[in-house]
Amino acid sequence: MCRHLGYVGPETAVGELLTRGSHSLRTQAWAPREMRGGGTINADGFGVAWWRVAEPAPSSESEGGQVLTAGRGDISGRGGVPDSGIGVGAGLVVSRYRNPDPIWTDPAVEEVLPQLKSGSVLASIRSATVGMPVERAACAPFLGGRWAFSHNGVVPQWRRVVTAVSSDLDTAATQWGATRLFETARLLEAEAATDSAALWVLLGELLDSAGPEGFVESPGAALALLATAVLTHASDARLNFLLGDGEQLWATTVHHALSALVTDDFAILSSEPYDGDPRWQPIPDRSLVTARPGFLSVEPLARADSQAAAP
């Protein structure tokens, strides 16, 4: 389906994280080891998001757009849904670079992206599901507010399933006391006609309502609730989600592989270990993961889902 990687730690070169190790994310594009029946290669594009400290807004009215065109890729400082502005929260701005071509064909990976430095990176390589478009807008990460999101997997009959999940979440939110958090029409705002882009619309709504007194308690609970809601309508869905906000990472495992490498200095979540470091830990299936430097939490998805607010 896809491979992805998230990093939080000391500032490092964005491009170096794509090529780090003997089994780097770039190498996994053509020689993945743990696809688990989800395809053979990941040659349908890639993307990478990174965070930096926000600077004073320029006087220009420009909000981003194409800043770099190496190959068919683009760097932008805004993207996707929800439509809240970038740099929300801890004073961090998230930007991304995406290209619908195979990662190994893009010279920016070695010539441009290594010049960018960040203490947090989220990257993805794509294996498009049959019938879904191969285009830049379909490549993760998807951005909104301070968030970046990637989905490794597939939702069979995704239009029907995502619509049903939207209805379920809206009913639950209404019973809790919210006023229509989940409007099915919002799905039309998805960047691309893919399951991942549509799921990001729903997750964005959940993240907007996350908090101690919100519909869900935390970003991790939002991920878990979305995954279990999808599984209710599509038990064979593959739902490895990866979410970052520039300071922390959250992930789910449903069918596909994920490994963690966490030390006091950094935290990495990756579909496959990129090197032979013995500290890599495989994550069990049906888990919710929270990671930051010096901290790794792995709990069953069902338990995490119970953190959603009760009616």
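The values are calculated or read from the model by the stated rules, or taken from the named source; none is laboratory data. Quantities reported herein were computed from a predicted structural model and do not represent experimental measurements. Here the Cβ is made from the backbone with ideal geometry for all residues, glycine too, and neighbour counts use every protein chain on show.
Report the residue count in segment 182-198 for those that are of a type in the set (D, E, K, R), under 17 Å from the mean Cα position of the chain (by Cα) and either within 18 Å of residue 171 (Cβ to Cβ) or in a helix (DSSP H, G or I) (or both). Walk me through how you get there before you give the answer.
Step one: list which residues in segment 182-198 are of a type in the set (D, E, K, R), which gives 183, 186, 189, 191, 195.
From the residues that got through so far, the ones that are under 17 Å from the mean Cα position of the chain (by Cα) too are 191, 195.
With either within 18 Å of residue 171 (Cβ to Cβ) or in a helix (DSSP H, G or I) (or both) added as a condition, the list becomes 195.
So the count comes out to 1.
Go through segment 276-296 and count every residue that is in a strand (DSSP E or B) and not hydroxyl-bearing (Ser, Thr, Tyr).
8
Quickly run through segment 104-140 and pick out the residues that are of a type in the set (Val, Ile, Thr), in contact with a Gly (Cβ under 8 Å, 6 or more places away or on another chain) and in contact (Cβ under 8 Å) with a residue 40 or more places away in the chain.
The first filter runs over segment 104-140 and keeps only residues of a type in the set (Val, Ile, Thr), leaving 105, 109, 112, 121, 125, 129-130, 134.
Pick out the ones that are also in contact with a Gly (Cβ under 8 Å, 6 or more places away or on another chain) and you get 105, 109, 112, 121, 125, 134.
The answer is 109, 112, 121, 125, 134.
Take the residues of segment 148-185 that are touching a Pro at 6+ places or on another chain (Cβ under 8 Å) and modelled with pLDDT of 95 or more: which is surrounded by the most Cβ atoms within 10 Å (Cβ to Cβ)?
Among those residues, the one meeting the criterion is 148.
Would you be able to say whether some residue in segment 284-302 is touching a helix residue (DSSP H, G or I) at 6+ places or on another chain (Cβ under 6 Å), closer than 25 Å to residue 157 by Cα, at pLDDT below 95 and buried (at least 20 other Cβ atoms within 10 Å of the Cβ)?
yes
Would you tally the residues in segment 82-104 being farther than 20 Å from residue 190 by Cβ, of a type in the set (A, V, I, L, M, F, W, C) and modelled with pLDDT under 50?
Within segment 82-104, residues that are farther than 20 Å from residue 190 by Cβ, of a type in the set (A, V, I, L, M, F, W, C) and modelled with pLDDT under 50 number 1.
Given the conditions (1) in contact with a strand residue (DSSP E or B) (Cβ under 9 Å, 6 or more places away or on another chain); (2) closer than 22 Å to residue 126 by Cβ; (3) not polar (S, T, N, Q), report the number of the one that residue 217 does not fulfil.
(2)
Given the criteria touching a helix residue (DSSP H, G or I) at 6+ places or on another chain (Cβ under 7 Å), surrounded by fewer than 24 Cβ atoms within 10 Å (Cβ to Cβ) and either closer than 26 Å to residue 299 by Cβ or of a type outside the set (D, E, K, R) (or both), does residue 194 qualify?
Answer is no for this residue.
Name every residue in segment 33-49 that is more than 17 Å from the chain's Cα centre (by Cα) and either buried (at least 24 other Cβ atoms within 10 Å of the Cβ) or of a type in the set (A, V, I, L, M, F, W, C) (or both), in order of residue number.
35, 41, 43
Of the conditions (1) of a type outside the set (A, V, I, L, M); (2) in a loop (DSSP other than H, G, I, E, B); (3) over 29 Å from residue 297 (Cβ atoms), residue 159 clears all except one; give me its number.
(2)
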